[in-house]
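Single-structure report; data block below.
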Amino acid sequence: MSYENILVETRGKVGLITLNRPQALNALNSAVLGELLVATKAFDADDSIGAIVLTGSEKAFAAGADIKEMQSKTYVDAYLGDLLSGWDDFARTRKPIIAAVAGYALGGGCELAMMCDFIIAGDNAKFGQPEITLGIMPGMGGSQRLTRFVGKSKAMDMCLTGRMMDAQEAERSGLVSRIVPVGELVEEALKAAAKIASFSLPAILMNKEAVNRAYEMSLTEGLRFERRIFHSLFALEDQKEGMAAFAEKRKPEFRNK
Ligand code: HXC
């Protein structure tokens, strides 16, 4: 597959996807979505890949859904075409995705970063849900995910005023896991992804699945789910290897079994 709007590379066990529509500050149109889905599905299917990094440029992770593509749509177009629903497929990627965010992550760009598993921000990152300034509202999960990340007060502030949050405020409020100098952003994200990818693939996926259940279930059901898949890990050779390596004071050699 040749891509026109994204760059796709592998670095060891890590898949790196770079949004590459600089003329529109990486605005997310249907072509970008289509290519992202092909790339993430291919990484999901590739057993040699353990984690994915998604990044943009230093100026913009993504400045939103493509306003010019949406501009002339009618209600019927949006409803019958189930506008933006394809992004749910991106959010269903099974391998961990780190969003490495520099510059603008606005509207759909902020929502895309929140669909990833965690966000590492460059020190120039700016997050916002400015849809209200266009006469609309978040449509790729912003009103729900942002509220879970930062709480009601700040989510309301962001969605109702359309103001941006800088990297420091985003870290303070729990939207991003850490801030790094923008020049080191991609390398730092790749390092974190390589660390993840060095572990046992079934354990990586089960950790991701279990944390995500915290958003969907009650505490009681979530704890039960965690306990069940925790037990299942004892069926893995990698569990035996990981614990034997600890006891023998050596590095484990995981074989994804
Ligand atoms: C389409 C976009 C775009 C977008 C920028 N561009 N954002 N095109 N959709 N979301 C284009 C501009 O039109 C311009 O093209 C080029 O990218 C460079 O942008 P400038 O505005 O000239 O850059 P700058 O002055 O540096 O300002 C940067 C900016 C501004 C503050 C990020 O571009 C901006 O406000 N963009 C829109 C942000 C936004 O409202 N996002 C939410 C979108 S709605 P030309 O051809 O003129 O050079 C959304 C909905 C989500 O995401 C789902 C619910 C429906």
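Quick look at the values:
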{"quantity": "Qualifying positions in the stretch 59-103 - within 12 Å of the ligand (Cβ to nearest atom), in contact (Cβ under 8 Å) with a residue 12 or more places away in the chain, in a loop (DSSP other than H, G, I, E, B) and open to solvent by 80 Å² or more (accessible area, probe 1.4 Å)", "calculated": "K59"}
{"quantity": "Filter pass, F127 being at pLDDT 95 or above, open to solvent by 20 Å² or more (accessible area, probe 1.4 Å) and under 28 Å from V186 (Cβ atoms)", "calculated": "no"}
{"quantity": "Enumeration of residues in the stretch 119-136 that are near the ligand (Cβ under 9 Å from one of its atoms), part of a loop (DSSP other than H, G, I, E, B) and closer than 16 Å to K68 by Cα", "calculated": "I136"}
{"quantity": "Positions within the stretch 19-28 being more than 8 Å from the ligand (Cβ to nearest atom) and surrounded by fewer than 21 Cβ atoms within 10 Å (Cβ to Cβ), in sequence order", "calculated": "N20, P22"}
{"quantity": "Number of the exception - C110 against (1) within 9 Å of the ligand (Cβ to nearest atom); (2) open to solvent by 10 Å² or more (accessible area, probe 1.4 Å); (3) hydrophobic (A, V, I, L, M, F, W, C)", "calculated": "(2)"}
{"quantity": "Of the criteria (1) farther than 26 Å from M164 by Cα; (2) surrounded by fewer than 23 Cβ atoms within 10 Å (Cβ to Cβ), which one C116 fails", "calculated": "(1)"}
{"quantity": "Options E253, E221, E248: the member that is over 26 Å from L54 (Cβ atoms) and touching a Lys or Arg at 6+ places or on another chain (Cβ under 9 Å)", "calculated": "E221"}
{"quantity": "Options A214, A247, A193; residue that is in contact (Cβ under 8 Å) with a residue 60 or more places away in the chain and more than 16 Å from the ligand (Cβ to nearest atom)", "calculated": "A193"}
{"quantity": "Enumeration of residues in the stretch 3-40 that are under 15 Å from the mean Cα position of the chain (by Cα), in a helix (DSSP H, G or I) and touching a residue at least 40 places away in the same chain (Cβ under 8 Å)", "calculated": "L33, L36, L37, T40"}
{"quantity": "Qualifying residue in the stretch 47-54 (condition: acidic (D, E), more than 19 Å from the chain's Cα centre (by Cα), open to solvent by 60 Å² or more (accessible area, probe 1.4 Å) and within 16 Å of the ligand (Cβ to nearest atom))", "calculated": "no"}
{"quantity": "Conditions (1) without any contact (Cβ under 8 Å) to a residue 24 or more places away in the chain; (2) under 19 Å from A39 (Cβ atoms); (3) buried (at least 18 other Cβ atoms within 10 Å of the Cβ); number of the one not met by K154", "calculated": "(2)"}
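Yes/no per residue for (1) more than 22 Å from A121 (Cα to Cα); (2) buried (at least 18 other Cβ atoms within 10 Å of the Cβ):
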site: L175; (1), (2): no, yes
site: E188; (1), (2): no, yes
site: A193; (1), (2): no, yes
site: I204; (1), (2): yes, yes
site: Y215; (1), (2): yes, no
site: S218; (1), (2): yes, no
site: L233; (1), (2): yes, no
site: F254; (1), (2): yes, yes
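The values are calculated or read from the model by the stated rules, or taken from the named source; none is laboratory data. Note that the coordinates shown come from a computational prediction; the quantities given were computed from them, not determined experimentally. Neighbour counts are summed over all protein chains in view; Cβ atoms, including those assigned to glycine, are modelled from backbone coordinates with ideal geometry. We work out accessible area using only protein heavy atoms, side chains counted, and drop any ligands, DNA or RNA first. Shrake-Rupley method; radii C 1.70, N 1.55, O 1.52, S 1.80 Å.
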